[in-house]
């Protein structure tokens, strides 16, 4: 079973690998995850689709998404797409167990992890 620290590290590594990212509307470039967090605003909850469907070991994952608005107003998406199943399944298993242990919905747990990752990235020196 993974620890919370291992889950945060795995999720953060995946998210950091999504950059650089360019807004398709205004062409603003976000070279790093840190710059993305500094210059966008979260929109709503992060959504763990597979977990909410009760599919904890999906062969064809729907995925997990987090939405944010670019300064131009366009909505940008970060997702778990492309994460290897052998990396995704332990994360989902941890989420299943922890959401039960913490008496939280998968969405509440994912929002907690998103905030923890964001705080961690933004607290580091540039």
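Take residue 3 and residue 120, extend 7 Å from each Cα along the Cα→Cβ direction, and tell me the distance between the two endpoints in nm.
In this crude spin-label approximation the distance works out to 1.1 nm.
Using only helices, what value at 222 nm comes out for the chain when you add -39,500 (n - 2.57) per DSSP H run of length 4 or more and divide by the total residues, to the nearest 500 deg cm²/dmol?
Using -39500 (n - 2.57) per qualifying helix, the result is -14500 deg cm²/dmol.
So how long is each side of the chain along the principal axes, counting just the alpha-carbon atoms, biggest first, in Å?
Its Cα atoms span 40, 31, 24 Å along the three principal axes.
Let me know the volume per residue of the alpha-carbon convex hull for the stretch 73-126, in Å³.
132 Å³
Any idea how far apart residue 52 and residue 105 come out in nm if each label point goes 7 Å out from Cα toward Cβ?
0.8 nm
Which three lengths, in whole Å and largest first, does the stretch 17-63 cover when its Cα atoms are put on their principal axes?
Projected onto its principal axes, the Cα set of the stretch 17-63 covers 36, 22, 20 Å.
Give me the one-decimal nm value for the distance between modelled label points at residue 13 and residue 97, 7 Å along each residue's Cα-to-Cβ direction.
Roughly 1.9 nm, to one decimal.
For the Cα atoms of the chain, what angle does the longest principal axis make with the long axis of helix 85-101, in degrees from 0 to 90, nearest 10?
Once rounded, one gets 70 degrees.
Where does helix 4-16 land angle-wise versus the long Cα axis of the chain, in degrees 0 to 90, nearest 10?
The angle comes out near 40 degrees.
A short reminder: the numbers here are calculations on the coordinates, not readings from a lab. Predicted model, so just to flag it, every value in this text is computed and none were measured. All Cβ positions, glycine included, derive from the backbone under ideal geometry; neighbour counts span all protein chains shown.
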